[in-house]
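J.: There's a structure below that I have some questions on.
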Amino acid sequence: MATSSRRKPVPVRKGSGGGKAPEPSRAVSSAPAPESAPAPPDQRQQAELFDRAIKLFHAADYAAARGLFGRAALGPVPAMAHSAQLHAAMCARRVAAHEPSPQTPEEHYDYAIALINARRFAEAERHLAEAIAKRPDADYVHYALALCCGLAGDLRSAYRHLRRAIEIQPRNRIAARNDPDFAVIGRLSPLLELLYPERAASVQPFH
């Protein structure tokens, strides 16, 4: 992410690395379709899921264990399903206990950048909205929110927040043009018209 006028945002990482870094080249112009729910496990699969989840639980990998317990809870063996539900609840509490609790606009912003890196766009958007509520004229927060919404496929919201970032600090237009994180979504309408108005003189303005 390019440098804004008020502070230098934490850059959104590129490359591989567990599949957590958002890659602008994969951005799409619409939100991805939801995946179909997997079929409930049979008895053998339920036992395998539960065993794997228990090992992760004892290794303190509560986030991964929680997902497996959740799937095992859908299996046909009632006692195992009940135990899986209890363990999933324990995992949820322990994961929540380790989640940061941002308070200031800066803390919400910094945490949101980490969430964008992990492609957790909905959560990042909520934290950036919290930052804007407390500091509505922070151009770098609007800039980050524009990127977040754009990568999530919400180009209308991306346009609105990037326009506000440019209104507060006009240099953000040049920053976004040179920002590799905007490389793909910046070529899509309506962001294209916002970033390159000279190319869109004959195009009906987007509202």
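The values are calculated or read from the model by the stated rules, or taken from the named source; none is laboratory data. Owing to the predicted nature of the structure, the values given are computational and were not obtained by experimental measurement. Note that we place each Cβ from the backbone using ideal geometry, even for glycine, and neighbour counts take in every protein chain shown.
J.: Restricting to region 56-87, name every residue that is at pLDDT 90 or above, part of a helix (DSSP H, G or I) and surrounded by 13 or more Cβ atoms within 10 Å (Cβ to Cβ).
T.: Leu68, Phe69, Gly70, Arg71, Ala72, Met80, Ala81, Ser83, Ala84, Gln85, His87
J.: Determine if region 139-162 includes at least one residue that is assigned to a loop (DSSP other than H, G, I, E, B) and free of Cβ contacts under 8 Å to residues at least 60 places away in the same chain.
T.: Our first condition is that a residue be assigned to a loop (DSSP other than H, G, I, E, B); within region 139-162, this holds for 152-154.
With free of Cβ contacts under 8 Å to residues at least 60 places away in the same chain added as a condition, the list becomes none.
Taking every residue of region 139-162 in turn, none turns out to be assigned to a loop (DSSP other than H, G, I, E, B) and free of Cβ contacts under 8 Å to residues at least 60 places away in the same chain.
J.: Here's another thing I want to ask about it. Only one of (1) modelled with pLDDT under 85; (2) more than 30 Å from Tyr62 (Cβ to Cβ) fails for Ala165. Which number is that?
T.: Condition (1) is where Ala165 drops out.
J.: May I ask you to list the residues in region 126-140 that are of a type in the set (Asp, Glu) and surrounded by 21 or more Cβ atoms within 10 Å (Cβ to Cβ)?
T.: Quick first cut of region 126-140, residues of a type in the set (Asp, Glu) only: 130, 137, 139.
Listed by number, the list holds a single entry, Asp139.
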